[in-house]
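Asks: The structure that follows is given in the form of structure tokens.
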Amino acid sequence: MSSKYNLIVEDVDVDSFEYLVEQTNNSSETKTYIKGPFIMMNEKNQNGRIYESSEMDPCVENYIEKYVKTNRALNEMSHPNTADVDLERACDRTLSLTLVDNCWIGKAVCLSTPMGKLQESLIRDGVKIGKSTRCLGQLTENNGINYVKSPRMIATDTVWEPSGQGKNTSCFVNGILENKEFIIDYNNDNEIIYDGFEKSINHLPKKDLEFYLMEQIMGFIKKIQ
């Protein structure tokens, strides 16, 4: 098993979620909530990975204590390419995570931020949005299945279409690269290589994007080997 941590995202079926609009009384402001299965465990998901409860339960419990209970469990509109949470893109906050059988059921409230209002408008207009977990973890393969070890929960971001289709830069990069602080592995040479790669993918031509992106990725991998 590699000592480096991968940035891992997992999609959840949009049909599994409830969208709730609640008002405490006639004069209070309405709040929009999203409720559903945030984390599935002990079975292979659509990405061919398994989160074992023995690994994930302590991770989620730690996330609840450190972030949920302190009102810091923020989620973003669309996945970023890093393990950092961008406050400017925060759209909702996780209020609770409850273990039910092999699933952590979550509830999140839309924020009054620009992204939160955008998300709230989409829900009220009948759009089915998806939730996708973002975490750091080590992957170990056994019989063709990747098991997630030593996970660290980051967020449950809002996505429009779960599962990248191959021509989206973020999907490609998230699937291949690790978060910068882990991939450099305290090696200054690797940090310089990573910075050069990061700049190169930010200036890719729109035409034939997939070809040029793959070319940059393969060149990056060769340099760090």
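The values are calculated or read from the model by the stated rules, or taken from the named source; none is laboratory data. Not measured: the values here are computed from a predicted model. Cβ atoms come from the backbone with ideal geometry, glycine included; neighbour counts cover every protein chain shown. Keep in mind that these areas ignore ligands, DNA and RNA; they rest on the heavy atoms of the full protein, side chains included. Shrake-Rupley method; radii C 1.70, N 1.55, O 1.52, S 1.80 Å.
Asks: Relative contact order, percent, of segment 32-99 when contacts are C-alpha pairs under 8 Å separated by at least 6 residues?
Replies: This gives 23 percent for segment 32-99.
Asks: Could you calculate, for segment 72-136, the ratio of the Cα radius of gyration to the Kirkwood radius, expressed as Rg to Rh?
Replies: Value, to two decimals: 0.97.
Asks: What is the sum of charges around N102, taking Lys and Arg as +1, Asp and Glu as -1, for the other residues whose C-beta is under 11 Å from the C-beta of N102?
Replies: It works out to a net charge of -4.
Asks: On to the next question. How much accessible area per residue does segment 31-79 have, in Å², with a 1.4 Å probe?
Replies: 49 Å²
Asks: What ranking of K35, K128 comes out by heavy-atom accessible area, probe 1.4 Å, highest first?
Replies: K128, K35
Asks: How about segment 78-160: which chymotrypsin sites (Phe, Trp or Tyr not before Pro) there are in a DSSP loop, with at most 14 other Cβ atoms within 10 Å of their Cβ?
Replies: Counting only loop positions with at most 14 other Cβ atoms within 10 Å, the chymotrypsin sites (Phe, Trp or Tyr not before Pro) in segment 78-160 are W160.
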